[in-house]
Structure formats: C-alpha cells, structure tokens
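FYI, it's all coordinate maths here, none of it is from the lab. None of these values were measured; they are calculated from a predicted model. Methodologically, a virtual Cβ is constructed for each residue, glycine included, from the backbone with ideal geometry; neighbour enumeration extends over all protein chains shown.
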Amino acid sequence: DVKVTQSSRYLVKRTGEKVFLECVQDMDHENMFWYRQDPGLGLRLIYFSYDVKMKEKGDIPEGYSVSREKKERFSLILESASTNQTSMYLCASSSGHPNTEAFFGQGTRLTVV
Amino acid sequence: AQRVTQPEKLLSVFKGAPVELKCNYSYSGSPELFWYIQYSRQRLQLLLRHISRESIKGFTADLNKGETSFHLKKPFAQEEDSAMYYCALSGNDYKLSFGAGTTVTVRA
C-alpha cells in the first residue's frame, strides 16, 4: 500500500515565522508535488519535483520554497508566514510517467495568526 | 501553459438520476487526463484516467480532443457518490494540474 505521510495534521504559526511542512513517501516515486487547497479555488500547484535536488515552480510559488535532498522526502518552506498562507496543504507523489496515478497525503491544515 | 476548467462548483442531483461533471482543458501537447475524488474528511484518490478506458463505480469519461473536454458521467447517481470531484491534467513535463473542483450532492 502506497503511503504518503505529512508530518503534521494541524499547525498554528505566527505571522513572520519560518514554517516547514514535511512529506515522506515510501514507494520510491520520482515525482513529488505540493498543493494548497482552498474552497472555490481547488488544488493549486505550488512546486513539484521530478528527481532528487530538482524542483520546478508551479502556478503559485511566491512566498514558498522547497527542498528535496532525498528521493523520499519533499519539504515545503514558508520563508515568512503570512495570514494569506492559511490553507490546507496537500503533498502527493507519483512514479515517473505522466499517465500514472498520484497518491496524496492526509493534508496539513496551516493557520497563520 | 496547461489549464483545467471545471465550470460547475456545485451539482445537486436526485438518487437514480444521471449526473455529468464537466471538464475542459487547454494544453499544447498530448495530455493525460484524470478524475480524482475526495470524500468528506478523506484523502484525495484517483477515480479514473482516460488511458485506462474503464468504468469505475459506474463512472465513465471520454477524452474529446476536438472539444478539449473530459466530462465525467454516471447514468444513475447513488448517495455514496456525494463527494468533491477534481479533473486533472498531466503534461510531458510531469506537471500535474487540477481544476477548481465540483461538489456533488446526491439527494434521496
């Protein structure tokens, strides 16, 4: 059974803090993704990675960065959290072919106060 | 650039009625199209993909390249079909993009 695990289910952070969201997958997948999920806006891609140390900007990368030092781990970093980054964050992974299924984590609900 | 559009945010149908969720896309190459489903308080999971050309839980979707559409259909809705549905597109650069989602409510 594929598992994508996000380190926290709920997080509350203060404005200006540096925030780390961690995601680990156990299926040796090449591709990993970070999305934010907001009502009415669906899933918006923040960053993705198709290999270790490789990263590509998604549609809304501003205010975020990522790190992929190991194949199984993909971290999302909020350099200086702001209230408009309050959201549900979803991590996903998939194997190297575009037609393969993506597997999702349970999500991290981040509140920035 | 790739884009997925789901024009309906909410869809309400009666049990036993047909249901159709619309999805349109824009992509310059040859896309891979998917439908994902999210039940309340559960993870997003794959419902079906166009390459498989199969019916899952009674749902089917046909890729129409001329109309750049990938609409999801089910002839007889069930109460357990109540969920959020997302259309998704994957391109040659591995980027996986989703639409805004459609919330389906099936009423008894």
Item to complete: Quote the charge dipole size of the protein assembly as shown about the Cα centre in Debye, to the nearest 20; the model charges only the Cβ of Lys and Arg (+1) and of Asp and Glu (-1).
Response: 440
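First select every other residue whose beta carbon is under 15 angstrom from the beta carbon of residue B:80; then total the charges, Lys and Arg +1, Asp and Glu -1. It would help to have the intermediate numbers written out before the result.
Numbers: positive: B:15, B:41, B:57, B:74, B:107; negative: B:79, B:81.
Net of charged neighbours comes to +3.
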Response to the item:
Expected integer from the mean partner chain Cβ neighbour count at 10 Å over A:43-50 is 3
Worksheet entry | Average beta-carbon neighbours from other chains, 10 Å sphere, peptide A:99-108 | 5
Worksheet item: Over chain B, what relative contact order in percent results from Cα pairs under 8 Å that are six or more residues apart?
Response: 39
Item to complete: Could you tell me whether segment B:19-93 comes out rounded, prolate or oblate from its Cα gyration tensor? Rule is a ≥ b ≥ c as square roots of the eigenvalues, rounded for a/c under 1.5, then prolate if a/b exceeds b/c, otherwise oblate.
Response: prolate
Discussion item. Just to check, using Stokes-Einstein with a Kirkwood Rh over alpha carbon pairs, what's the diffusion coefficient of the protein assembly as shown at 20 °C and 1.002 mPa s in µm²/s?
Written reply: 120
Practice prompt. Set Lys and Arg Cβ to +1 and Asp and Glu Cβ to -1, take the dipole of chain A about its Cα centre, and tell me which of A:16, A:98, A:66 lies farthest positive.
Written response: A:16
Response to the item:
Mean Cβ-within-10 Å packing, highest first, puts peptides B:1-9, A:6-14 in the order B:1-9, A:6-14
Fill in: More than 16 Å apart - percent of Cα-Cα pairs taken over segment A:4-112
54
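Taking beta carbons within 10 Å but only from partner chains, what does the mean come to for residues B:81-91?
Numbers: counts 0, 0, 0, 3, 0, 3, 1, 3, 1, 7, 1.
That average works out to 2.
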Discussion item. Report the number of Lys pairs in segment B:3-107 whose alpha-carbons are under 20 Å apart, with separation of 8 or more residues or on distinct chains.
Written reply: 14
